[in-house]
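One structure is given below, encoded as structure tokens.
The values are calculated or read from the model by the stated rules, or taken from the named source; none is laboratory data. Predicted model, so just to flag it, every value in this text is computed and none were measured. No Cβ is skipped: glycine too gets one built from the backbone with ideal geometry, and neighbour counts run over all protein chains shown. The accessibility values were calculated without ligands, DNA or RNA, using every heavy atom of the protein model including side chains. Shrake-Rupley method; radii C 1.70, N 1.55, O 1.52, S 1.80 Å.
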Amino acid sequence: MAKDYDGKKAVSWAMYDWANSAYATTVMAGFFPIFFKQYWSTGIDAHVSTFHLGSANSVASITVALLAPVLGFVADRGGVKKKFLFFFLMLGVIFTGSLSFVGKGEWGIASVCYALATIGFAGGNVFYDSLIVGVARKEKMDFVSALGYSLGYLGGGVLFGLNVWMTLDPGRFGLVGATEAVKASFLIVAAWWALFSLPLFLFVPEPVGEGGSGGFKAVKAGFTQLGSAFQEIRKVRVAFLFLIGYWLYIDGVDTVVLMAVDYGMSLGFESSTLIMALLITQFVGFPAAIAFGKIGEKMGTKTGIFIGLAVYVLVTIWGFFMEHEREFYILAVAIGLVQGGVQSLSRSFYAKLIPKESAAEFFGFYNMLGKFAAVIGPFLMGWVSVATGNARYSILAIVVLFIAGGAVLYTVPARRNGEQSG
């Protein structure tokens with residue numbers, strides 16, 4: 001771990017969350033799903049466009065899931081985490097900006113740009129997450145991880161609020177209409193992402209790698225060693241056990257993020273209500289993530305995660321009975337209170353369990369499981385909805401994931417090698 005807690009390095013690291021959360025909020029959760037249906041898929045049956053959107057999400061998620069462990073292995077040995085992060089950053093920025101130039105009805109091009117931008121977003125997170133071990137010592141990881149998520153909520157919320165304002169009052173910004181405002185938003189997100197990533201590259205040091213060959217040989221070696229790397233992770237029993245529980249409950253967390261707008265639309269709620277709910281979640285999540293960091297320090301990291309999972313169980317059950325749009329706002333507040341907390345404490349708890357010299361490799365598997373969860377969760381909801389003929393039952397399926405994940409987490413020891421891990 002870092003010998004000293006360096007506030008400048010910690011804030012610079014956390015600013016990447018501020019930067020890339022603009023994509024997660026404005027593009028992934030907000031404008032893209034609606035714009036994809038109403039503009040790029042004009043004239044196409046709604047069920048078909050949903051399939052196209054789901055396919056783009058799945059392709060991106062599976063691609064990152066399969067590549068993440070190998071990329072992490074290569075980065076650990078080559079000491080090139082920041083180089084890999086820069087590559088994925090530019091991939092995300094370029095194709096996010098490209099969405100602004102995709103014409104009406106061109107759903108295929110929009111899908112490709114979105115999938116590549118999402119690969120950039122998710123792939124970059126593998127290396128961003130792994131850099132935390134060189135920024136904060138173990139006692140400060142809960143706080144620093146929470147700082148990243150809190151700045152992400154704030155930054156994503158601020159820009160999303162501006163983008164929503166642009167669509168509601170495009171003339172004030174010199175834009176012709178809402179369509180032009182949405183397209184301009186994609187360009188702004190790309191610029192925001194690139195600009196606010198600079199502190200990380202300038203002030204966060206590159207951890208020393210294990211050495212070895214670089215380039216294609218390193219990639220080849222990464223694939224060769226993937227199996228043995230998995231065996232190494234299995235040897236760190238507490239980390240392996242945690243990954244199983246994490247995979248289950250983060251499946252539920254990611255599904256709520258990806259499917260909230262779709263679920264609200266299935267209940268007949270107005271799109272404006274859903275957009276406002278997303279904004280509420282962002283701004284509530286900012287102070288709440290910081291608070292969860294303190295909960296992790298004072299009460300223990302596992303306790304903080306359990307609190308968040310309990311709230312998620314109550315939220316999903318309430319979602320089944322929800323009838324009015326105002327209830328959607330209340331649920332948005334509840335999710336904002338715990339979403340960042342569960343994510344940040346999971347990241348810091350895992351970071352305490354793994355060897356520092358293999359951080360990117362271990363976080364490659366961590367992110368891989370997160371991406372596979374983003375594939376399975378929505379599919380589970382869709383299957384239950386089709387099987388029962390009632391969208392409400394689909395949300396109850398997520399409860400099982402939170403309970404099962406929490407049960408496995410309960411078995412993970414709070415100490416490793418005699419050290420307190422939360």
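Go through A68, A136 for me and flag whichever is buried (at least 24 other Cβ atoms within 10 Å of the Cβ), of a type outside the set (D, E, K, R) and assigned to a loop (DSSP other than H, G, I, E, B).
Answer to the selection: A136.
Could you list, ordered by first residue, the pairs with Cβ atoms under 7 Å in which the first is in the range 122-136 and farther than 12 Å from S358 by Cα and among the β-branched types (V, I, T) and the second is modelled with pLDDT under 85 and not in a helix (DSSP H, G or I), at least 6 apart or interchain?
V135/A2
It is to be established whether one or more residues within the range 311-332 are polar (S, T, N, Q), modelled with pLDDT of 85 or more, over 18 Å from the mean Cα position of the chain (by Cα) and open to solvent by less than 30 Å² (accessible area, probe 1.4 Å).
Checking the range 311-332: at least one residue is polar (S, T, N, Q), modelled with pLDDT of 85 or more, over 18 Å from the mean Cα position of the chain (by Cα) and open to solvent by less than 30 Å² (accessible area, probe 1.4 Å).
Determine which member of the set G285, G300, G308, G252 is within 16 Å of the chain's Cα centre (by Cα) and at pLDDT 85 or above. Spell out the reasoning first.
Values: G285 fails: at pLDDT 85 or above; G300 fails: within 16 Å of the chain's Cα centre (by Cα); G308 fails: within 16 Å of the chain's Cα centre (by Cα).
Result: G252 is the single residue among G285, G300, G308, G252 that is within 16 Å of the chain's Cα centre (by Cα) and at pLDDT 85 or above.
For residues in the range 162-218 being touching an Asp or Glu at 6+ places or on another chain (Cβ under 8 Å) and surrounded by 13 or more Cβ atoms within 10 Å (Cβ to Cβ), which is modelled with the lowest pLDDT?
Result: G209.
Can you report the number of residues in the range 1-58 which are modelled with pLDDT of 85 or more, open to solvent by 40 Å² or more (accessible area, probe 1.4 Å) and of a type in the set (F, W, Y)?
The total comes to 1.
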